[in-house]
Every structure is written in C-alpha cells, then in structure tokens.
1. If each residue's Cβ is checked for other Cβ atoms within 10 Å, how do 65, 7, 30 rank with the fewest at the top?
2. What is the extension gain from residue 90 to residue 107, computed as 0.36 nm multiplied by their sequence separation minus the C-alpha to C-alpha distance, in nm to one decimal?
3. Name the residue from 31, 85, 49 whose Cα lies farthest towards the positive end of the charge dipole of segment 1-87, charges +1 on Cβ of Lys and Arg and -1 on Cβ of Asp and Glu.
4. Taking R0 as 30 Å, what's the FRET efficiency between residue 83 and residue 5 from their Cβ-Cβ distance, rounded to 0.05?
5. Which of 84, 104 comes first, and how do the rest follow, when ranked by fewest Cβ neighbours within 10 Å?
6. Measure nothing fancy, just the Cα-based angle from helix 64-74's long axis to the longest principal axis of the chain, in degrees from 0 to 90, nearest 10.
7. So what are the radius of gyration and Dmax for the Cα set of segment 4-128, in Å?
8. How many nm separate the modelled label positions at residue 16 and residue 69, each set 7 Å beyond the Cα in the direction of the Cβ?
Amino acid sequence: MADPAIVREWMKKADEDFYFAESSLLDGSVFYAQLCFHFQQSAEKYLKSFIIGKGLQFDKVHDLVHLLRICAAHSAEFSDFKEDCILLNTAYIETRYPVHWPTDYTKETAELAHVAAGNIARLVRKGLGMEENS
C-alpha cells in the first residue's frame with residue numbers, strides 16, 4: 001500500500017478538477033469542451049489514485065480505458081465503467097487541440113461527462129475506503 005498522504009494528494013487534485021467543472025456547469029458556463037476536459041482530468045486522476053493506493057504498476061498514460069483495465073485487474077467492479085471512460089477519453093485531445101473531425105460539445109455532453117466522472121470518483125473512493133471529500 002502506498003503512502004496515504006500521496007493518495008490524498010492525488011485525490012485532492014482530482015477533486016479540484018471535478019468540483020471546478022461541476023460548479024462551472026451548475027453556474028451555467030457554456031464552455032462545454034473545457035468542462036468535459038476537466039471531467040476527463042478528474043477521472044484520470046481518480047483512477048491513478050486507485051492505482052497508486054493499491055500499489056499497482058503506475059502507467060503514465062492518459063487513456064482512461066487503459067487505466068480502468070489496470071484497476072479492474074485488482075477489482076472487477078471497475079469493468080462496469082468502461083463506457084464512462086470511453087465517453088471521457090474523447091475530451092482529452094479534442095477539447096484542447098484543433099482536430100480534423102467533427103466535434104460537438106454541448107450542455108448534454110458536459111452533463112454526461114459530469115455523471116461519468118462522478119461514477120468513477122465514487123467507485124475509487126469506495127475502493128480506497130475513503131469518505132466523500134476526505
């Protein structure tokens with residue numbers, strides 16, 4: 001098991017991304033692509049928190065499905081959240097760089113990203129035995 005202080009640092013950074021995006025969405029922000037990016041970042045950090053917390057091999061990648069597979073090898077429950085990771089994965093590149101394919105980040109997309117990142121956050125907290133905002 002990793003140093004609990006390090007895991008808490010990762011969770012804190014994940015929470016900062018999540019709650020920034022959540023509060024912006026609830027406040028009516030129309031920057032949906034940027035909100036989706038922050039939800040993706042929160043999910044990435046939550047998954048890496050679990051990986052670090054369980055002493056698993058730490059991969060320096062941004063592919064949430066890949067990170068989820070690492071978590072699922074330790075706890076099968078993670079396998080149920082592949083669709084959430086697929087949705088959030090699109091927000092890593094498309095929201096930050098010009099791409100040559102159609103993108104459409106809407107309020108609905110941001111709301112789906114919010115739910116997906118929240119699902120991952122709750123699963124990681126449960127897996128690490130952490131209470132909300134601890």
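Any read-out appearing in this document is the output of simple, stated calculations on the displayed coordinates, not a laboratory observation. Owing to the predicted nature of the structure, the values given are computational and were not obtained by experimental measurement. Here Cβ is always computed from backbone atoms with ideal geometry, including for glycine, and neighbour counts include all displayed protein chains.
1. On the way: 65 16, 7 21, 30 12.
So the ranking, lowest neighbour count to highest, is 30, 65, 7.
2. Numbers: separation 17, 0.36 × 17 = 6.12 nm, distance 1.54 nm.
Between residue 90 and residue 107, full extension yields 4.6 nm more.
3. Highest projection toward the positive end goes to 49.
4. On the way: r = 33 Å, r/R0 = 1.10.
Once rounded, the FRET efficiency stands at 0.35.
5. On the way: 84 23, 104 9.
The most exposed by this proxy come first: 104, 84.
6. 20
7. In Å, with Rg to one decimal and Dmax whole: 13.9, 43.
8. 3.1
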